[in-house]
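Undergrad: Below you'll find the structure I mean.
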Amino acid sequence: MAKQSNLSEGENARFRMTLDLSQRLNEEVERLAAERQISKADILRFAVEFLSAAERAKRQGMHVGAWIDEAGNRKEREFVGF
């Protein structure tokens with residue numbers, strides 16, 4: 001369960017959270033932070049923004065996924081569960 005506290009006021013208010021993660025998720029957050037050379041908090045902020053954008057796209061009838069074109073061969077992955 002996350003616990004929140006307000007660090008400032010107004011439109012740009014920031015909130016502090018205490019978050020419980022499984023060992024697997026914590027290791028993944030640490031790996032991503034190290035790979036990108038950013039903080040674990042920034043990884044979680046990015047994840048929330050990414051999920052929000054994906055949900056907005058899905059509500060607009062779009063498919064959410066990733067793809068790559070290699071030598072004329074397109075590989076696609078649709079992300080489901082949004």
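The values are calculated or read from the model by the stated rules, or taken from the named source; none is laboratory data. Remember, predicted model here, so these are calculated numbers, not experimental data. Don't worry about glycine lacking a Cβ; one is built from the backbone with ideal geometry, like all the others, and counts go over all protein chains shown.
Undergrad: Every residue in the stretch 7-58 that is of a type in the set (Val, Ile, Thr), surrounded by 11 or more Cβ atoms within 10 Å (Cβ to Cβ) and within 25 Å of GLU78 (Cα to Cα), please.
TA: Of all residues in the stretch 7-58, those of a type in the set (Val, Ile, Thr) come to 18, 29, 38, 43, 48.
Narrowing the set further to residues that are surrounded by 11 or more Cβ atoms within 10 Å (Cβ to Cβ) leaves 29, 38, 43.
Matches in the stretch 7-58: VAL29, ILE43.
Undergrad: Could you tell me which residue of the stretch 65-82 is surrounded by the most Cβ atoms within 10 Å (Cβ to Cβ), considering only residues that are modelled with pLDDT under 90 and closer than 22 Å to PHE50 by Cβ?
TA: Step by step, filter the stretch 65-82, then rank; the result is PHE82.
Undergrad: Counting only residues that are among the charged types (D, E, K, R) and not in a helix (DSSP H, G or I), how many does the stretch 10-56 have?
TA: Step one: list which residues in the stretch 10-56 are among the charged types (D, E, K, R), which gives 11, 14, 16, 20, 24, 27-28, 30-31, 35-36, 40, 42, 45, 49, 55-56.
Okay, now just the ones that are also not in a helix (DSSP H, G or I), so 11, 14, 16, 20.
Residues meeting the conditions: 4.
Undergrad: Something else now. Which residue pairs have Cβ atoms closer than 8 Å, lie 6 or more positions apart in sequence or on different chains, and pair a first residue in the stretch 57-82 that is part of a strand (DSSP E or B) with a second residue that is among the aliphatic types (A, V, I, L, M)?
TA: Note: pairs meeting the criteria are ARG74/ILE68; LYS75/ILE68; GLU76/ALA66; ARG77/ALA66; GLU78/VAL64.
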